[in-house]
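Shown next, in structure tokens, is the structure this report addresses.
Please treat every number below as a calculation from the coordinates, not as lab data. For clarity, every value in this text was computed on a predicted model and none was experimentally measured. Neighbour counts are summed over all protein chains in view; Cβ atoms, including those assigned to glycine, are modelled from backbone coordinates with ideal geometry.
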Amino acid sequence: MPVDAIPATDEIAGADQEYLYTLNFGPQHPATHTTLRLILTLDGETVVKAVPDIGFLHSGFEKLGEDLDFNQYVTIVDRMNYISPVANEIAWHHTVEKLLGIELTPRCKYIRTILAELARISDHLLCIGAAALDLGALTAFLYAFNQREAVYNIIETASGQRFHPSFTRVGGLMADVTDEWVELIRKFIREFPKAHADISRLLNRNRIFVDRTKGIGVLSRDDAINLSCSGPIARASGVVRDLRKDEPYLAYGELAGAFKVVCAKGGDCYNRYLVRMGEMLESLNIVQAAVENLPGGPVNVDLNDKLTIPDKTATYRSIEGLIQHFELFMWNRRWETPIEEVYGANETANGELGFYVVADGTGRAWRARTRPPSFIHFAVFPDLIEGHQISDVPAILGSLNIIAAELDR
Amino acid sequence: MPGYLDILAARFPGAFTTSVFRDNQRVVIPADKAPEVLLPLLRCLKEDCGFDMLAELGGIDYLNYPNATDRYCVVYGLTNLSTGQRVFVKAFTNDPEPELPSVVELWRGANWMEREVFDMYGVKFTGHPDLRRILLPHEFAAHPLRKDYPLRGYGERHNFATVTRAES
């Protein structure tokens, strides 16, 4: 978008028109972390108007969702919020399974819950680490990334891939997990609280960090609701809503006693930071409760339902397995879906990640609409920044945790 | 049947149909009623039935969909934050000038989501304060999520204007 295509700035009250100037922030700027652009109108150092320009990473994910089948699209969904890809997969297949009416096995529910919570921890670690980095606190970033590495190791042990595991399948998982995986999680549960305490001690009472986040980018409760915010951003403004409690899915209903919903009232960057820090500890409690109560049994639903891909032994050694395999991989077969549509949402690290899937009877979605939390939260940004200094731009961007791949899809 | 549907049925008789699938309660407004009914109905849901949050707004193209009569649909997913209820209002509109009233006056959060629907489907939202393309370049001519737009596009990328360093 050329700068002259943005709406005119004539009507800005209280600013001397003669001294206003325009600053182009991004799309390539270290503090945006991802590819997004802001056109800032400045009066001295004060931002009087901010116009976000997005779409640099648009790659037609939702169009691809209408071409790929329910299992293939998981690789694309992975790349939306690439900070916590497993959570996206779980949300996508949650919706598909809701459409097909599949009830997962207990073991699968618990493993998915553990993965979703580990994804939340790794997302919050990146958000906090990067926000602190932008404000000049490099050490907290290093501590955070050290723990993210541990989470990646856990995901790699389960799926064989570190960043984009594509681990879920319709009706189950790519593979069962091993005892080694459980051991790695136990180790993580032992070690994470120390790193969390280190980060807290570095930032919570850090004069520079507090001065640059407290009272900056205040989002009131009414605005948070009116602007459709969800997740930690809404909860930091006093909106008590968490889908894990309000619409329990996976194993969250059974584990409801293991965690609390972290909320705050202030609605500024500092409160968003505190909510994320609190949520990580609650997530760790969920992981611990889930791992200690991990049920046995199969991870996939019964093969006779004709919904899951059989494992390779069944495919190669039995005629039923072979038929089932081909049934799910030929375009004229695959799943028989109801001619219906369904909305399913999960509470991911950034907020409510929903999918609206319209099915036309075939194995691919007629429409795979994503409700992307980053997109909705970035729309709030102009409201938050106006009246603040230009040095507050990275602070607010960091606290909103905008992931451009999810923003543009 | 949830209580808010009785209120809607009394206030807007014959203007909508309802359906349920899994836990999704839907209120469907056909294309001939949508321009007049949509905004008052959503206002009624927001102000009188407690659906204070617009959680989701997305477009769908039903071209050649089984049993479909109208073409474009915009889905408004509302949430009642005090009870946790959800309702999905589907409003239809048709070619040649797909148009629906904008709900930005009710929820400012609809601003970007309506721009995205306009960008991807070409549905115009009357009363929108700033209806521009949002994800695609502003000179882009087509609406790529329409069902008659091919997956690989019409070769638009090859025709993008080249900007040299001197001009930028």
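At a glance:
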{"quantity": "Furthest towards positive pole of dipole, A:Thr315, A:Leu20, A:Ser399, structure part chain A, Cβ charges", "calculated": "A:Thr315"}
{"quantity": "Relative packing of peptides B:17-25, A:393-401, A:195-203, A:31-39 - highest average C-beta neighbours within 10 Å first", "calculated": "A:393-401, A:31-39, A:195-203, B:17-25"}
{"quantity": "Alpha carbon centroid spacing (whole Å) that separates the range B:103-168 from the range B:28-64", "calculated": "22 Å"}
{"quantity": "Distance between the range A:171-210 and the range A:51-65 - C-alpha centres, whole angstrom", "calculated": "32 Å"}
{"quantity": "More than 22 Å apart - percent of Cα-Cα pairs taken over chain B", "calculated": "47 percent"}
{"quantity": "Debye log10 I(q)/I(0) at q = 0.09, 0.10 Å⁻¹ for the protein assembly as shown, Cα point scatterers", "calculated": "-0.70, -0.88"}
{"quantity": "Other protein chain Cβ atoms within 10 Å, averaged over every residue that makes up A:352-360", "calculated": "3"}
{"quantity": "Neighbour-limited loop hits for trypsin sites (Lys or Arg not before Pro), the range A:241-315 (at most 12 other Cβ within 10 Å; DSSP other than H, G, I, E, B)", "calculated": "A:Lys265"}
{"quantity": "Restricting the range A:64-103 to GluC sites (Glu not before Pro) in coil, as DSSP defines it, with at most 14 other Cβ within 10 Å", "calculated": "A:Glu103"}
{"quantity": "Shielding score for B:132-139, defined as the mean number of other chain Cβ atoms within 10 Å", "calculated": "5"}
{"quantity": "For the range A:301-330 and the range A:113-128, distance of Cα centres in Å", "calculated": "33 Å"}
{"quantity": "Ordering of B:156-167, A:280-291, A:326-337 by packing [mean C-beta count within 10 Å, highest first]", "calculated": "A:280-291, A:326-337, B:156-167"}
{"quantity": "Cross-link partners of A:Lys63 among lysines (Cα-Cα below 25 Å; sequence separation of 8 or more within a chain)", "calculated": "A:Lys98, B:Lys90, B:Lys124, B:Lys147"}
{"quantity": "Shape parameters for the range A:121-162, alpha-carbon atoms, Rg then Dmax in Å", "calculated": "11.4, 35"}
{"quantity": "Counted charge near B:Tyr76, where neighbours are those whose Cβ lies closer than 9 Å (Asp, Glu -1; Lys, Arg +1)", "calculated": "0"}
{"quantity": "Within the range A:63-133: Cβ-based charge dipole about Cα centre, in debye rounded to nearest 20 (Lys, Arg +1; Asp, Glu -1)", "calculated": "220 debye"}
{"quantity": "Among the listed pairs A:Lys49/A:Lys214; A:Lys194/A:Lys312; A:Lys187/A:Lys260, those beyond 31 Å (Cα-Cα)", "calculated": "A:Lys194/A:Lys312"}
{"quantity": "Computed FRET value (nearest 0.05) for B:His138 with A:Ala197, which takes r as the C-beta separation and R₀ as 51 Å", "calculated": "0.55"}
